[in-house]
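The values are calculated or read from the model by the stated rules, or taken from the named source; none is laboratory data. Note that the structure is predicted; figures quoted are calculated from it, not measured. Note: ideal-geometry Cβ built from the backbone for every residue, glycine included; neighbour counts use all protein chains shown. Surface accessibility is based on the protein's heavy atoms, side chains included, excluding ligands, DNA and RNA. Shrake-Rupley method; radii C 1.70, N 1.55, O 1.52, S 1.80 Å.
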Amino acid sequence: MDTLLPLAARTAQLLKDRNETVSVAESSAGGLIAASLLAIPGASAYFKAGAVVYTRPARRMLMGMADADMKGVRSSSEPYALMLARTARERLDADWGLSETGASGPTGNGYGDAAGHSCLAVSHRSGFEQVITLETGSNDRVGNMRAFSMAALDLLHRALTR
């Protein structure tokens, strides 16, 4: 996690400077995104909540997203990442929603994505949204979790400095 903390600290400072908040919904990053942001002192000023949305029941229970909401959308995709970021922001009344969904490895997922695939999104209450796909090309589960977390923090940091 030490590699994530410098970027998390810079991102946290931007959120504090802007007097804005973030909620995180992550899957294959396993909580590292939220943990990185929460490791920075003063996190209560900018961090609303985080959820590891790893399964369909978790998606229903934690995010309030019914199976019908997923019609035509599959997990580990850009549309799903954006939906997850919006939902995290709206459900927890945060300024920003940050999401991650993918396949950390060592194998791919049931949707045909290889290990190292992740879709990440940010959603701001102003309507600004951005989504990206990351392909690490690696089957190193822990390494991918770190890479997904770094990419998510970088996505939020870049959105805050745009």
| request: Identify all residues within the range 109-139 that are outside any loop (DSSP other than H, G, I, E, B), among the charged types (D, E, K, R) and farther than 18 Å from S23 by Cβ; write none if there are none. | output: E135
| said: Which pairs turn up if I take residues in the range 85-108 that are touching a residue at least 60 places away in the same chain (Cβ under 8 Å) and look for partners that are surrounded by 19 or more Cβ atoms within 10 Å (Cβ to Cβ) and among the acidic types (D, E) with beta carbon separation below 6 Å, at least 6 apart in sequence or on another chain? | reply: E100/E26; A103/D113
| task | Test R125 against the stated conditions and say whether it is modelled with pLDDT of 95 or more, basic (K, R) and crowded, with 21+ Cβ neighbours inside 10 Å. | result | no
| query | Mind checking whether some residue in the range 140-151 is in contact with a helix residue (DSSP H, G or I) (Cβ under 8 Å, 6 or more places away or on another chain), buried (at least 21 other Cβ atoms within 10 Å of the Cβ) and in a strand (DSSP E or B)? | reply | no
| query | Looking at the range 154-161, is at least one residue open to solvent by 40 Å² or more (accessible area, probe 1.4 Å) and out of contact with any Ser or Thr (no Cβ under 9 Å at 6 or more places or on another chain)? | reply | yes
| said: Please verify whether G102 is of a type outside the set (S, T, N, Q), modelled with pLDDT of 95 or more, open to solvent by less than 60 Å² (accessible area, probe 1.4 Å) and assigned to a strand (DSSP E or B), treating the condition exactly as stated. | reply: yes
